Amino acid sequence: MTRAETCVVACAEAWRGDGAVLAGYAGLIPQLGARLAQLTFAPELLVTDGEATLLRDGRVEGWLPYRAVFSMVAAGARHVMMGASQLDRFGNQNISCVGPWERPRSQLLGVRGAPGNTVNHTTSYWVPRHSPRVFVERVDMVSGIGHDRGAHEIRRVVTDLAVLDFETPDRSMRLRSVHPGVTVDEVIAATGFALTIPAGVPATREPTEEELKLIREHLDPHGLREK
């Protein structure tokens, strides 16, 4: 079992219990997570090829043109796992620029669909490199809004070190689990603000034998997850 495989399962778990919603994702690990969830505990989940085709176990099961996605977003019938260049304690996300927005040091993607996603439906995040440069006290620009700004629901943040959520009285970020081999102190040191740390932080669930077989032989036989 590798760290990447643990992250795939952690991403899959973010969609548990959602029912028949559209799973959106940015990146290979969340994509594998959504497909794994659909094949195991979330058969109702709708998964696309990233364009206009709905897939089930690699087979076409429907057509979803781009214009129809906006209706699903507005209706709250989507749960997307986006990336983040910066995140703060309440889940405010930045993918637009680094430095003052009036004259940034680096120009990034722009806000893209982050405002509509975070206002209308459940949003989670995948961060492949957990560091204080990503987990900051204050984001340089708010692209996707957090719980202190009225977000619909920021559910999970999955990183290469841990899983975090917002199940606190003020809906600020909490350490939910650490991946096998990672310590709580390592996560704290890699975070640029004070996390809520429960009394006992469990290890992230490891893949079952069935899940490992699906990941290794069916979903990603070429091992791209490890790159």
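Residue pairs, Cβ under 8 Å, 6 or more apart or interchain, first in the range 63-78 and buried (at least 17 other Cβ atoms within 10 Å of the Cβ), second assigned to a helix (DSSP H, G or I) and among the polar types (S, T, N, Q). List them.
Correct list of pairs: V73/N117; V73/N120; R78/N117; R78/N120.
State whether one or more residues within the range 119-131 are in a strand (DSSP E or B), surrounded by 14 or more Cβ atoms within 10 Å (Cβ to Cβ), touching a strand residue (DSSP E or B) at 6+ places or on another chain (Cβ under 8 Å) and aliphatic (A, V, I, L, M).
yes
Restricting to the range 1-31, what's the tally of residues that are polar (S, T, N, Q), touching a Pro at 6+ places or on another chain (Cβ under 8 Å) and surrounded by fewer than 19 Cβ atoms within 10 Å (Cβ to Cβ)? So that I can check it myself, show each step before the final result.
Step one: of the range 1-31, the residues polar (S, T, N, Q) are 2, 6, 31.
Adding the requirement that they be touching a Pro at 6+ places or on another chain (Cβ under 8 Å) leaves 6.
If we keep only those that are surrounded by fewer than 19 Cβ atoms within 10 Å (Cβ to Cβ) too, we end up with none.
Adding up the residues that qualify gives 0.
Go through S177, S172 for me and flag whichever is polar (S, T, N, Q), surrounded by 18 or more Cβ atoms within 10 Å (Cβ to Cβ), touching a strand residue (DSSP E or B) at 6+ places or on another chain (Cβ under 7 Å) and not in a loop (DSSP other than H, G, I, E, B).
Working: S172 fails: not in a loop (DSSP other than H, G, I, E, B).
The conditions single out S177.
Among the residues that make up the range 93-108, is at least one of them part of a helix (DSSP H, G or I) and not hydrophobic (A, V, I, L, M, F, W, C)?
no
Inside the range 9-51, can you point out the residues that are part of a helix (DSSP H, G or I), under 25 Å from S85 (Cα atoms) and hydrophobic (A, V, I, L, M, F, W, C)?
Once the filter is applied, which keeps residues that are part of a helix (DSSP H, G or I), under 25 Å from S85 (Cα atoms) and hydrophobic (A, V, I, L, M, F, W, C), the range 9-51 yields V9, A10, C11, A12, A14, L28, I29, L32, A34.
Pick out the one residue from E167, E137 that is under 17 Å from the mean Cα position of the chain (by Cα), assigned to a loop (DSSP other than H, G, I, E, B) and surrounded by fewer than 23 Cβ atoms within 10 Å (Cβ to Cβ).
Among E167, E137, only E167 is under 17 Å from the mean Cα position of the chain (by Cα), assigned to a loop (DSSP other than H, G, I, E, B) and surrounded by fewer than 23 Cβ atoms within 10 Å (Cβ to Cβ).
Give me the pairs, please: first residue somewhere in the range 32-57 and more than 18 Å from E5 (Cβ to Cβ), second residue anywhere and hydroxyl-bearing (S, T, Y) and assigned to a strand (DSSP E or B), beta-carbon distance under 8 Å, and either six or more positions apart or on two chains.
L54/T48; L55/T48
So R149 ticks every box in (1) farther than 21 Å from A23 by Cα; (2) touching a Lys or Arg at 6+ places or on another chain (Cβ under 6 Å) but one. Which box is left unticked?
Answer for R149: the failing condition is (2).
Values quoted throughout were computed directly from the atomic coordinates according to the rules given, and no laboratory measurement underlies them. Quick caveat: nothing in here was measured; it's all calculated off a predicted structure. Note that each Cβ is placed from the backbone with ideal geometry, even for glycine, and that neighbours are counted across all protein chains shown.
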